[in-house]
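First the structure, in the form of structure tokens, and then the observations on it.
The values are calculated or read from the model by the stated rules, or taken from the named source; none is laboratory data. Nothing here was measured: the structure is a model prediction, and the numbers come from that model. Backbone-built Cβ (ideal geometry, glycine too); neighbour counts: all protein chains shown. Quick note on the areas: whole protein, heavy atoms, side chains included, nothing else; ligands and nucleic acids left out. Shrake-Rupley method; radii C 1.70, N 1.55, O 1.52, S 1.80 Å.
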Amino acid sequence: MVKPITRQSSSLEGHSEAVLNVAFSPDSKILASASGDTTVRIWDIQTETPVNTCEGHKNWVLFLAWSPVAKILASGSMDNTIRLWNPQTGEAIGGPLRGHNKWITSLSWEPLHARSPSKYLASSSKDCTVKIWNVTNQTLEVSLSSHTASVTKVIWGGQGLIYSASEDRTIKVWQPDGQFVRELKGHGHWVNSLCLHTDYALRFVF
């Protein structure tokens with residue numbers, strides 16, 4: 001018999017400031033947390049214990065995104081940078097990715113079925129831009145700058161298009177090479193988040 005969960009199983013303690021974002025690894029065995037204490041922590045869900053603490057950001061860490069095969073964890077911060085981490089060791093992979101001039105609001109990896117391992121990472125920022133990064137050589141590939149207000153969310157869709165939502169009340173659709181596809185209008189206020197319907201856009205990799 002399966003009994004319902006009616007109580008808290010545990011508390012994961014260690015951050016010294018507010019926890020601002022959490023993200024499970026693709027296999028759901030590891031949890032990453034981002035905090036106002038400028039660190040990223042890696043937790044083992046099976047034992048409910050801390051594994052690693054990733055240190056390097058200079059301001060609040062706002063967003064986390066696992067690469068599709070969980071080899072890299074990306075974090076975006078109010079220090080305007082993106083950092084890449086090895087979740088097994090907690091060590092930084094290379095230096096910070098610099099290019100945004102305001103804080104990072106969202107991150108999204110190139111889907112696994114487009115390329116394995118994923119080579120590109122999209123980021124959105126308060127600076128009104130979306131940027132595409134080559135994580136292999138840690139360079140900025142493309143900057144998308146059509147929005148007129150803060151970009152609140154970016155999603156790299158399974159069919160190859162990139163979607164960005166903004167406080168300018170629009171959603172914009174892009175090709176990964178930076179080509180503008182279309183603009184979706186209709187909201188009367190900020191677009192704060194996006195979610196894609198994934199039917200017909202998923203492929204299983206064995």
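Summary table below
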| quantity | calculated |
| --- | --- |
| Within region 69-82, tally of residues that are open to solvent by 40 Å² or more (accessible area, probe 1.4 Å), on the phi < 0 side of the Ramachandran plot and either free of Cβ contacts under 8 Å to residues at least 40 places away in the same chain or not β-branched (Val, Ile, Thr) (or both) | 2 |
| Answer from Leu140, Leu84 - the residue that is more than 15 Å from the chain's Cα centre (by Cα), outside any loop (DSSP other than H, G, I, E, B) and under 21 Å from Gly56 (Cβ atoms) | Leu140 |
| Every residue from region 19-40 that is over 15 Å from the mean Cα position of the chain (by Cα) and either open to solvent by 20 Å² or more (accessible area, probe 1.4 Å) or hydrophobic (A, V, I, L, M, F, W, C) (or both) | Val19, Asp27, Ser28, Lys29, Ile30, Asp37, Thr38 |
| Cβ pairs under 8 Å, 6+ apart, first in region 110-130 and without any contact (Cβ under 8 Å) to a residue 60 or more places away in the chain, second surrounded by fewer than 19 Cβ atoms within 10 Å (Cβ to Cβ) and assigned to a strand (DSSP E or B) | Lys119/Asn134; Tyr120/Asn134; Tyr120/Glu141; Thr129/Ser143; Val130/Ser143 |
| Condition check for Ser146: open to solvent by 40 Å² or more (accessible area, probe 1.4 Å), modelled with pLDDT under 95 and hydroxyl-bearing (Ser, Thr, Tyr) | yes |
| Residue that is nearest to Met78 (Cα to Cα), among those in region 112-128 that are open to solvent by 20 Å² or more (accessible area, probe 1.4 Å) and within 16 Å of the chain's Cα centre (by Cα) | Lys126 |
| Hits in region 89-120 (condition: assigned to a strand (DSSP E or B) and within 24 Å of Trp190 (Cβ to Cβ)) | Ile104, Thr105, Ser106, Leu107, Ser108 |
| Residue within region 167-176 that is part of a strand (DSSP E or B), open to solvent by less than 20 Å² (accessible area, probe 1.4 Å), more than 22 Å from Ser193 (Cβ to Cβ) and without any contact (Cβ under 8 Å) to a residue 24 or more places away in the chain present | no |
| In region 47-68, the residues that are in a strand (DSSP E or B), closer than 18 Å to Gly14 by Cβ and touching a residue at least 40 places away in the same chain (Cβ under 8 Å) | Val61, Leu64 |
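Conditions (1) of a type outside the set (A, V, I, L, M, F, W, C); (2) modelled with pLDDT of 95 or more, marked per residue:
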| residue | (1), (2) |
| --- | --- |
| Leu12 | no, no |
| Phe24 | no, yes |
| Gln46 | yes, no |
| Glu55 | yes, yes |
| Asp79 | yes, yes |
